[in-house]
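The values are calculated or read from the model by the stated rules, or taken from the named source; none is laboratory data. This is a predicted model, so every value here is computed, not measured. Because the Cβ atoms are built from the backbone with ideal geometry, glycine has one as well, and the counts that use them run over all protein chains shown.
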Amino acid sequence: MNYKEIKLNEHQGQPKVLVIYTGGTLGMVYDQQKGTLIPLPFDQIAQYVPELSRVPAELTIIPVEPPIDSSDMNPEIWVELARLVHSNYDIYDGFVILHGTDTMAFSASALSFLLENLGKPVIFTGAQLSLGVARTDARENVITAIELAADQNERKPIINEVCIYFNGRLLRGNRAKKYESSQFDAFQTENYPMLAEVGVYCEYNLPYLLPKPTESSLQLHSEMDASVLIIKIFPGLKVEFLESMLSTPNLKAVVLETFGSGNASTKPEFLKVLEEVTVKGILILNISQCVGGSVRQQDYATGLGLQKVGVISGKDMTPEAAVTKLMYLLGRYEDLEKVKELAQNNLRGEMGE
């Protein structure tokens, strides 16, 4: 990725916020001559969002060149974004990442794992309508995300984690999921409360914010292993199809999306395929297809069968958190037992205890 810094406003003595623009719907503006939406030259953003000059923060913007459609996000870009935060960590008090909505929950989850001992806010936001549309939600999302990233109590950040801000809601990044493609309230966290609700005032849900880490130094992890597959089971799934997917060369881990609280077929031929895979050393992590609730493999015979063949529980993790967590763990550890142990542990607030 190529980028250059743009100093937007310099309110001396105010918190310093670095805004990283990666691409997405937000950064499109209307061209009068062409009559179409075109990418925003970010050195002109103050013309389109003049309210930024009144935000109580020193702002620096880094637009990534060329902009990245969020559908093209991948682990290499996640690592680069984490490096960008890490290399500027001592300079800025908070970070805002402008990102397309489609894969924002994946990216926020990934950065939560790559940035260990994070003691400052990293807030993702974007828009359902671009800056070039009259009814855009972009302005409010960007301005509020910056204000949240700059918010402090006794000159210390209130937020110490990776979040998503959208339409009045501050959400934990690795708990969030995109629910809506056409409404402004695009993201929710069904299994975890909002971290803050922003209306006329910002009301923080303080008991649910991650505490400031005891370790003072941010630790960057720069390896992710994408040898991961998501398989969503359904009634009538042919065993031979499942076997074919699980025979993919170099496969190391599978996120298995099951029914209800972690249930799946009890047919011997189905369980046999899964057992053969786990015996080979491929990790299978069980998460629910349901939006809310948690995997409880021990509650029903249909879940207990999975447990007996070596499938482990992902509890209440989202698919986005589960797949990025496995990529992070596989990139960091070679020992499968270590990966299996940590996959079931709460590392960054991504799952219930």
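Of Val85, Val19, all but one fail to be buried (at least 17 other Cβ atoms within 10 Å of the Cβ) and in a helix (DSSP H, G or I); the exception is Val85. Among the residues of region 56-68, those that are touching a His at 6+ places or on another chain (Cβ under 8 Å) and of a type outside the set (Asp, Glu) comprise Pro56, Ala57. The set of residues in region 202-244 that are under 20 Å from the mean Cα position of the chain (by Cα), farther than 28 Å from Ile91 by Cα and in a loop (DSSP other than H, G, I, E, B) comprises Asp225, Ala226, Ser227. Residues in region 287-301: is at least one of a type outside the set (Asp, Glu) and under 18 Å from Lys252 (Cα atoms)? Yes, that holds for at least one residue. There is no residue in region 165-174 that is more than 16 Å from the chain's Cα centre (by Cα) and hydrophobic (A, V, I, L, M, F, W, C). All conditions in (1) under 25 Å from the mean Cα position of the chain (by Cα); (2) hydrophobic (A, V, I, L, M, F, W, C); (3) part of a strand (DSSP E or B) hold for Val29, with the sole exception of (1). If you go through region 6-36 and keep only what is in contact (Cβ under 8 Å) with a residue 12 or more places away in the chain and either of a type in the set (Gly, Ala, Ser) or not assigned by TED's automatic domain parsing to the domain that holds Thr144 (or both), you end up with Gly23, Gly24, Gly27. Of the candidates Gly262, Gly310, Gly303, the single residue that is surrounded by 15 or more Cβ atoms within 10 Å (Cβ to Cβ), on the phi > 0 side of the Ramachandran plot and in contact with a Lys or Arg (Cβ under 7 Å, 6 or more places away or on another chain) is Gly262.
From the list Glu5, Glu58, Glu76, the lone residue that is over 24 Å from Phe166 (Cβ atoms) and crowded, with 20+ Cβ neighbours inside 10 Å is Glu58. Kindly indicate whether any position in region 320-327 is modelled with pLDDT of 95 or more and either surrounded by fewer than 20 Cβ atoms within 10 Å (Cβ to Cβ) or among the basic types (Lys, Arg) (or both). Yes: region 320-327 contains one or more residues that are modelled with pLDDT of 95 or more and either surrounded by fewer than 20 Cβ atoms within 10 Å (Cβ to Cβ) or among the basic types (Lys, Arg) (or both).
Can you tell which of Ile68, Ile97 is closer than 16 Å to Leu26 by Cα, among the aliphatic types (A, V, I, L, M) and either touching a Phe, Trp or Tyr at 6+ places or on another chain (Cβ under 6 Å) or not in a loop (DSSP other than H, G, I, E, B) (or both)? Going through Ile68, Ile97 in turn, just one is closer than 16 Å to Leu26 by Cα, among the aliphatic types (A, V, I, L, M) and either touching a Phe, Trp or Tyr at 6+ places or on another chain (Cβ under 6 Å) or not in a loop (DSSP other than H, G, I, E, B) (or both): Ile97.
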